[in-house]
Structure formats: structure tokens, C-alpha cells
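Please read the structure below before turning to the comments.
The values are calculated or read from the model by the stated rules, or taken from the named source; none is laboratory data. It should be emphasised that the depicted structure is a prediction, and the values quoted were computed from it without experimental measurement. Cβ: placed from backbone, ideal geometry, glycine included. Neighbour counts: every protein chain shown. Note: areas computed on protein heavy atoms with side chains; ligands, DNA, RNA excluded. Shrake-Rupley method; radii C 1.70, N 1.55, O 1.52, S 1.80 Å.
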Amino acid sequence: MAAIETEDLSKDFLVGFWRPRPYRALDRLTLSVGEGEVFGFLGPNGAGKSTTLKLLMQLLYPTGGTARILGRPVGDRSVKQRTGFLPENPYFYDHLTAEELLSYFARLFGLRGADARRRVSSVLDDVGIGSERRLRLRQYSKGMIQRVGLAQALLNEPDVVFLDEPMSGLDPLGRRHVRQIMLRLRDRGCTVFFSSHILSDAEALCSRVAILAQGRLVASGHLSEILAFELRGWELVVSHLSDEARAAIAPRVRSITALARGRFTIELPAEESPDRFLHELGSRGAQVVSLNPLRETLEDYFVQSVGAAESRQTGL
Amino acid sequence: MRSIALVAQAVFKESVRDRVPYSMVAFAVLIIAASYLISQLTAGQDMKILKDLGLAAIAVFGLLIAVFIGINLVSKEVERRSVFAVLAKPLSRSQFILGKYFGLALTLVVNLSVMTLAFYAVLLYVDLTTDALLKAAWPAPALDPRLVIAVVLIVAELMLVTAIALFFSTFSSPLLSALLTLGVWVAGHFNADLRNFEAVLDVRPVALLARAVYYLLPNLAPFNIRAEVVHGVPVPASQVALTLAYAAVYITILLLGAIAVFRRRDFK
Ligand SMILES: Nc1ncnc2c1ncn2[C@@H]1O[C@H](COP(=O)(O)OP(=O)(O)OP(=O)(O)O)[C@@H](O)[C@H]1O
Ligand SMILES: [Mg+2]
């Protein structure tokens, strides 16, 4: 059984005040996410990611199509009992403390007394909210609120979690922390469905991704299929590159970019043998700082597929 | 049931932490105390003026609390999107609405009880410091238990007003809900004028419209028995009971309406 399944899921918003016209924010999305998968839901701003998540949480009603979670229709009480949701830029009640908010939510999940207290303190520990948990949320920073949002999504030890931009507003440590939490969830067998703009995170975490642009699914699949890990070239950083050496190699390289402190980045095409090149540069007095292979990244793939979708749209 | 109680409890907790209701209660208590000073300036009338002002302060500040927290209940929650995380929990939208309503009702009862206690404290003080000769002229004793009936009807009216605020706030912005609610409150108190609109302007369609509005809007005038209580005029128990039943029916209809709207709506 698929953890998340949508079929031709569509949503129109009415836009315009005087003569409302439907605007298609999500167009016939058909998607299936298996149990235990970490699924990255990617796409540029306004692609329809949050709209999809809200449809899955039944915060919006679809214009067409269906969505099921754990084999049941969305909005079903038993489904809600087993899912967690982190909204985009979450906001909670100003006058409650993080502890009070979470204990309220824990009790909505049916936890009671000491069980609820234990669970609340353990999720707050997990997301790195320390003694601040006794402060009112009004006094929290954006990143702290984001952590509280993540904590409330994990309260019920969900089987499926939906995270709308979980990394947004977090510092580098916080991001690493969230990545670790997501990996722990995966190891526990939890299905994680998250939207993100940070492709390196998706690359590090996901088994599968889908890319959405202008409300349409433009690509989806296993990362290993999408990214052939094909060599695209080499990136070489050198110092002490004389002007004539630079002129000599210029026709054979893709680009030469000056860095700070007299260093240069040289991009070589895949066909060029780096050994010969290094040898030649050495004989001209240059010193090699580093050499790295360039492979196709998710970012390249993202730019390609979104770009292709946009040019189809504009008819170019 | 448990979910409704949990939501209500959270509403109550949030509003207890909010400074606004406190300041309203403080203001009301201040006015009740000040009315004692005013009543000292007017010979003979003091007890009536004191009671009149005290009950009016309770009614007005109660209204402000009801409207202020009432609009925060749902429309602000939708506007600020705190509703997203809550509705993702195992809780239906109707339970959410009912929980919000009962939480506010509880807040109102607690706030009005505090004001009423302060009111009785002032009355007790006046009672103890006035000599028996003057007291004989009072139409009702200072610590008249019927004042509680007047307050109960004020509470019932405010619960109705809250249901109105809740209904509006399921589909409109916080500011608009507040204005609409205050509008209905004002119209509800001058309802009788609508009924006899022909007497003011004898144009048939206008009179019919006024009549329709009369039947649609809540009639809030019967909830105000302050003058009768202050002047010691009897108020039949059946009238009070009928008014309370009217409030219950009207509130039920409004809550059902609020639930029907809220269940269908999209949260953007
Ligand atoms: N309430 C609304 N009324 C009209 N249009 C809307 C509404 N909400 C969203 N949209 C439109 O739907 C489209 C998808 O929005 P959505 O919020 O799902 O994007 P997103 O992929 O989450 O973007 P981001 O990465 O910026 O969060 C956008 O073009 C947006 O303008
Ligand atoms: Mg979004």
C-alpha cells in the first residue's frame, strides 16, 4: 500500500475581485509515495507545493481528483492520528509557552498526564529547544518557532510526516539537526514527504523526488535514475598562473575565473585528461591547489526541467 | 467531547494570559468605584445611580471583552494561519468551533464574576456606611440578590453576542467581524423601532424590509432588565426564563451556521 497517493489532484483559486476567474494552482497531479520513503517535493516559488500539502491536510478542498493517505481518504480522523504536519512559516499562539502548546496538541492526539509530559519534553529535546520551552512563543525567534513547528509534527510518532520547507529560517546547525531528525524518522520506517528549495538537502536525504513547475509535475523519479552521475568535467584551482600560461591554456578550457589572492578556477571539459594538463601547468610554474570532478547535480536537473517547462509554457 | 474541552481550555488559557481582558475588568472595577463618588454628590438618589452605573459598566466592558476575544477566536486564527497545525490534529472542524465558543463563554463567565464581586463589595461598603434613615428611602436593599439576575441576563446576552462574533469570524476578517458584531448589537437593542417602522416612514417596501430585519436580527432589549431591578420593579420569572430560552435557541442556530460555513471553507 502506498503511504501517499494522489490522482489527478487539481486546485483552482478564484482570483480577481470584480470578476473572479479560476487560476489553476495545481494541475492534475498524480503521485504515489511508498511507505518508508523520504520523498522530496521540489519546485520554484509558486509552483504549487504548499497547495498540494494543504490539499493533503484537507485545509483546502480539491477542485478535482482524489488524494489518499495510508489508503484512506484525506481528512479521515484515523489518518490524522497517524500523520504529522509542519506548515510553511508556522505560527502558533503568542501567549502560550512551547511546553503548553505541545501539551495541548499531545492531548488532542489522545495522550494523557505523564505520557503527554514525557512525549512533549522528548520532542522538544529532539528539536533543540532547551530551557526556552518555558517562555511564551511571542518571545521566540523565527528559527525557534520553526523548531517548535517541527516538534509538534513529531508529537504522535507519526507514520507519515508532511513538512513544508522544514529548513526555512534555520541556522546551519539547525539544518544539520533537522537532516539528522529526518534520517532518524526514515530509519524508524516513517514516510517523510517534504517540500524544499534547498536541493543539496534533497540530494542528501531523498530516495525519490518530484519536481513541480506552474502546478504541473515536470519530473519525478529515483535520484539515482535522474542523476546519471555522469562526469561533466573537472574543476581545477591553481595559483601562480602567469599571463602567458593563461593565454596558452585558454583555448582548451571552458572557463578561467579569477579568485581572491591570485588564485584561479579553471573548468576543464570532460574529454580533457587532467594528468596531462596538470603536468603542463606545472612546467609553466603554476601550482595546483585542488582538483575536483564535476558531476551533474540535482540543481542542474532542476534548472533543466523547470526551464523546459517554462519555455513550453511561453511557446519558445 | 474531550477534544472540544481541550480546545476550550486552550482558549481560556490564552485569554487569561492576554492583558486586554484584565484591563477591561480593571476599568469596570474603577468605574464601579467611581460611581460611589458620583452617588455621594446626589442626595437621595445615590443607591439607584450607583447600581445603574455599576450594571452599565459590567454590560459595556463585558461587551468589549466578548467582541475583542470573540473575533480573535477564529478569524485571527485563520488570518495568522495558526489554524493549520490545529486542524491537522485528530479534531474535526465542528469540534474546533464548539471548543472555541465554550472557551470564550468560560472566559466571559469568569470575567463577569470578578466584576460582579467587585460591584457587590462597593455596595456592601455603602450599605455599612449609610445610616438606617436614608436606607429606608431605597427602593431595593443595597445587596439585592436580584442584581444577580440582571447580571445573568447580561451574561446570556454576551454569549449570544459571542456566537454572533464567532459566526461572522468564520468567513470575514477580524476587523470586519468586530464591526459587524457591534452593528448587530446596536441594531439588536433598537430592534423594537424596526418593528414599528411604518410609524416613522410610511413607505411600504421600506417598512417590509424593516420588518424582515426585525425578525432576522436578535432582539436584545429583553436582556436589559437593569432599570427594573434598580428601581425595585418586579420582573416575572417566566419572562427571565423565556429570555434565556430565546438566547439558547438563537445561539444554537448561530453555532450550527458557523459550523456549516467553517466546514466548507478553504484555508489559504
Ligand atoms: N489563496 C490564493 N488565491 C489565489 N492564488 C493562490 C492562493 N494561494 C496560492 N495561490 C497561487 O497558487 C500558486 C501555488 O502557490 P503555492 O503556495 O502552492 O506555491 P509554493 O510552491 O508553495 O511556493 P513557495 O516555494 O514560494 O512556497 C501560486 O501561483 C500562487 O499565486
Ligand atoms: Mg510554499
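For the stretch B:2-263, what number of Lys pairs, 8 or more residues apart or on separate chains, have alpha-carbon atoms under 24 Å from each other?
Lysine pairs meeting the criterion: 8.
Taking a probe of 1.4 Å and counting only protein heavy atoms, give the total accessible area buried between chains B and A in Å², rounded to the nearest 100.
Rounded to the nearest hundred, the buried surface is 3200 Å².
Please state the charge dipole magnitude for the stretch A:233-294, taken about the Cα centre, from unit charges on C-beta atoms (+1 on K and R, -1 on D and E), reported in debye and rounded to the nearest 20.
For the stretch A:233-294, the charge dipole is close to 180 debye.
Mean residue ellipticity at 222 nm from the helices of the protein assembly as shown, using -39,500 (n - 2.57) per DSSP H segment of n ≥ 4 over the full residue count, to the nearest 500 deg cm²/dmol?
Taking each H run of at least 4 residues, the total per residue is -17500 deg cm²/dmol.
Taking every pair of alpha-carbon atoms in the stretch A:48-143, give the share separated by more than 19 Å as a whole percent.
Beyond 19 Å sits 53 percent of the P(r) for the stretch A:48-143.
Taking each full run of DSSP H in chain B as one helix, which ones are at least 15 Å long along their axis (Cα atoms) and have mean Kyte-Doolittle hydropathy of at least 1.6?
B:46-71, B:146-169
Expressed as a fraction of 2.2 N^0.38 Å, the rule-of-thumb size for a compact globular protein of N residues, what is the C-alpha radius of gyration of the protein assembly as shown?
Relative to the 2.2 N^0.38 Å estimate, the protein assembly as shown comes out at 1.34.
Measure off 7 Å from each Cα along the Cα-to-Cβ vector at residue B:23 and residue A:261, then give the distance between these two points in nanometres to one decimal.
With each label placed 7 Å out from Cα toward Cβ, I get 5.7 nm.
Please quote Rg/Rh for the stretch B:2-263 to two decimal places, taking the Kirkwood radius as Rh and restricting both calculations to Cα atoms.
Ratio value, two decimals: 1.02.
Work out how far the C-alpha atoms of the stretch A:233-294 reach from end to end along every principal axis, then list the three figures in whole Å, largest first.
That gives 26, 21, 18 Å along the principal axes, largest extent first.
Note the direction-averaged projected area, equal to a quarter of the hull surface, for the Cα convex hull of the stretch B:24-132, in nm².
Quarter of the Cα hull surface area: 8.1 nm².
Over all directions, the average projected area of the alpha-carbon convex hull for the stretch A:184-316 comes to how many nm²?
Across all orientations, the stretch A:184-316 yields a mean hull projection of 11.7 nm².
Hey, in the GNM for chain A with a 10 angstrom Cα cutoff, which one of A:94, A:126, A:164 fluctuates hardest?
With Cα springs under 10 Å in chain A, the top fluctuation among A:94, A:126, A:164 is at A:94.
Using the Kirkwood radius over Cα pairs, work out the Stokes-Einstein diffusion coefficient for chain A at 20 °C and 1.002 mPa s, in µm²/s as a whole number.
96 µm²/s
Between residue B:237 and residue A:252, what is the label-point separation in nm under the 7 Å Cα-to-beta-carbon projection?
Between residue A:252 and residue B:237, the simple spin-label model gives 10.9 nm.
What's the ranking of A:11-18, A:52-59 by average number of surrounding C-beta atoms within 10 Å, highest first?
Per-residue mean Cβ counts within 10 Å order the peptides as A:52-59, A:11-18.
Of the residues B:258, B:227, B:57, which exhibits the maximal mean-square fluctuation in a Gaussian network model of chain B defined by a 10 Å Cα contact cut-off?
B:227
Share of the stretch B:50-119's accessible area from carbon and sulfur, percent, 1.4 Å?
Percent of accessible area from carbon and sulfur atoms in the stretch B:50-119: 71.
Please report, largest first and rounded to whole Å, the three semi-axes of the ellipsoid equivalent to the stretch B:102-201, where each semi-axis is the square root of five times an eigenvalue of the C-alpha gyration tensor.
Its equivalent ellipsoid spans semi-axes of 36, 22, 10 Å.
Determine the distance separating the Cα centre of the stretch A:277-316 from the Cα centre of the stretch A:250-269; give it in Å without decimals.
Measuring centre to centre over Cα atoms gives 13 Å.
Compute the distance in nm between two label points, each set 7 Å from the Cα along the Cα-to-Cβ direction, one at residue B:186 and one at residue B:267.
3.4 nm
Based on the Cβ-Cβ distance from residue A:198 to residue A:292, what FRET efficiency comes out when R0 is 30 Å, to the nearest 0.05?
The computed FRET efficiency comes out at 0.90.
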